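The values are calculated or read from the model by the stated rules, or taken from the named source; none is laboratory data. Because the structure is a prediction, the values reported are computed rather than measured. Positions of Cβ are generated from backbone atoms using ideal geometry, with glycine treated the same way; all protein chains shown enter the neighbour counts.
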Amino acid sequence: MGLVALILVVVFILLLVMNVPIAVAIALATFCATLAIGTDPTIVVAANMVNGVNAFALLAIPFFILSGHLMGKGGLARRLIDFAATLVGRLPGGLGYVNTLTCMLFGSISGSAAAAVSSVGGFMIPEMNRKGYGREFNVAVTTTAATTGLLIPPSNIMIVYSVAAGSVSIAAMFMAGFIPGLITGLFIMLVGGIISISKGYKGEALEMPMWKPIVATSILALMIVQIILSQKGMIDFGFWKLPNGIVWFVIWSTVCCACFTTFRRAYFTLLLIIIVIGGILGGIFTATEAAAIAVVYSLLLSVVIYREIGLKELPQILLDTGITTAVVMLLIGASSGMSWIMTMANIPQTVSAALLGLSDNPVIILLTINLLLMFVGTFMDMTPAVLIFTPIFLPVVTQLGMHPVHFGIILIANLCIGLCTPPVGTCLFIGCGVGKTTIAKVTGTMLPFFGAMIAALMVITYVPATSLWLPMATKQLKAEDVQKCEFMNAPKDEEKPVKEAGL
């Protein structure tokens, strides 16, 4: 089987060097490798491609893509920008914070980092240019901040990982992404703030009393404290139970509506997150049904309430959705075929043995996996990377005691960096196009932000609670199942017989 693996890797790399589309490269490499084992590739490859997309959970992807297109063209970015400016616009370099926060909100609502760059960047980059911010700085902030929307749910790539990993709950993945997404966004804000202060970028003066954001933030802080206290067993108002959770949200949103005009304008946009996540957590509907509801809600919001999209524009939006969905499904199908031939060639087992033989220190092994994924992310799109490398690395990390949900967040956070790096960084290309600059000029400014994303990745990797605490708090993961995966504290193989003997 070593020859099969060699053919698979060599053909795939050669096709990538020849600039063949990634899905075609994967399918042709799989075809050649299957031919080498003496099996009819026309049947095997086609069957695996069909089986790869024949998963009920994948039905959510076209719905979320359509919802993202409707949100992107429905005038929602401007409302989120105004609300973000109310919250953080006063700070030094305020527009950088506004840009980051808006990208986090819009990326999570649309589920697309590319849509966040084009929609938010289309307004914020020219506005920041006009206010005296450096053009390359503006592009760097927008490009890196947009990727946080892939961690903050709902996220299509989380659905892809759940399918690739097998028995991983989509709802658990959704909840696991909140804190890592916020950590990444805060790290980007920290770097942006340091650069803004050093360059003398000013904040935006707002005609609004300071007590308004203080009151709204205090109520939000009270909600967070109540969550923490309930987990400690000290006090429990049942925040995570759906009726009480709605009451808390209504209280907070009522105060915000009274304090901020911008919140009232963005209220229905932000409500989509509550509807999707709240409905899934409350058991009202599945992730796939939530995606369909998101489409209906986005359609009503964009066409009926905001009236930013005319009926004549809907056919083109549907066509764009169909094209994007076809590309994603082709990638999923081709990657499923490659996963099958890799299993036949024992590639996952070989890689697992090599990594576990490299060191018995989980810190070193995880660092090695992260470096490999960062390298892969620079030349491979996120969807095929998740589908190909999940079956390779997941067995390794599970032997280290890592929970599959935790690894899924690490994988996504890592590959988000690749969206901002050449030669195939989608967000980087879009950001440079919107900002009317070149990759060569932006790269130097991007380096501190890459450092922020890598620092956030290290926190996410080596602090499992960042990914697992919220799914456990919302009962999407059982505490006993997580305790069985005590990463960083898992016993070594030679210790297991002693512990099992009770000595």
Subject >> Residue satisfying condition, being within 20 Å of residue 190 (Cβ to Cβ) and touching a Leu at 6+ places or on another chain (Cβ under 6 Å), within set 426, 466, 445, 461 >> reply: 461
**OP:** For segment 38-52, name all the residues that are hydrophobic (A, V, I, L, M, F, W, C) and either exposed (fewer than 14 other Cβ atoms within 10 Å of the Cβ) or closer than 22 Å to residue 285 by Cα (or both).
**Re:** 43, 47, 50
Subject >> Hits in segment 1-17 (condition: surrounded by fewer than 18 Cβ atoms within 10 Å (Cβ to Cβ) and more than 20 Å from residue 375 (Cβ to Cβ)) >> reply: 1, 2, 3
Subject >> Residues located in segment 340-380, provided they are assigned to a helix (DSSP H, G or I) and of a type outside the set (A, V, I, L, M) >> reply: 340, 343, 348, 349, 350, 352, 357, 362, 368, 370, 375, 377
Original post:
Is it true that residue 86 is part of a helix (DSSP H, G or I), within 30 Å of residue 152 (Cβ to Cβ) and modelled with pLDDT of 85 or more?
Top reply: no
Subject >> Flag if residue 64 is buried (at least 23 other Cβ atoms within 10 Å of the Cβ), within 22 Å of residue 381 (Cα to Cα) and touching a residue at least 12 places away in the same chain (Cβ under 8 Å) >> reply: yes
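Here is a yes/no grid of residues against (1) farther than 30 Å from residue 318 by Cα; (2) modelled with pLDDT of 80 or more:
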{"site": "90", "(1), (2)": "yes, no"}
{"site": "109", "(1), (2)": "no, no"}
{"site": "125", "(1), (2)": "no, yes"}
{"site": "134", "(1), (2)": "yes, yes"}
**OP:** Pull up segment 274-285, narrow it to residues that are in contact (Cβ under 8 Å) with a residue 24 or more places away in the chain and crowded, with 17+ Cβ neighbours inside 10 Å, then point me to the one that is nearest to residue 65 (Cα to Cα).
**Re:** 276
Subject >> Residues (in a helix (DSSP H, G or I), over 22 Å from residue 426 (Cβ atoms), small (Gly, Ala, Ser) and without any contact (Cβ under 8 Å) to a residue 24 or more places away in the chain) located in segment 7-61 >> reply: 46, 47
**OP:** Please enumerate the residues belonging to segment 124-165 that are free of Cβ contacts under 8 Å to residues at least 60 places away in the same chain and more than 24 Å from residue 96 (Cα to Cα).
**Re:** none
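Hey, does segment 342-356 have a residue that's closer than 30 Å to residue 79 by Cα and among the polar types (S, T, N, Q)?
No, because not a single residue in segment 342-356 is closer than 30 Å to residue 79 by Cα and among the polar types (S, T, N, Q).
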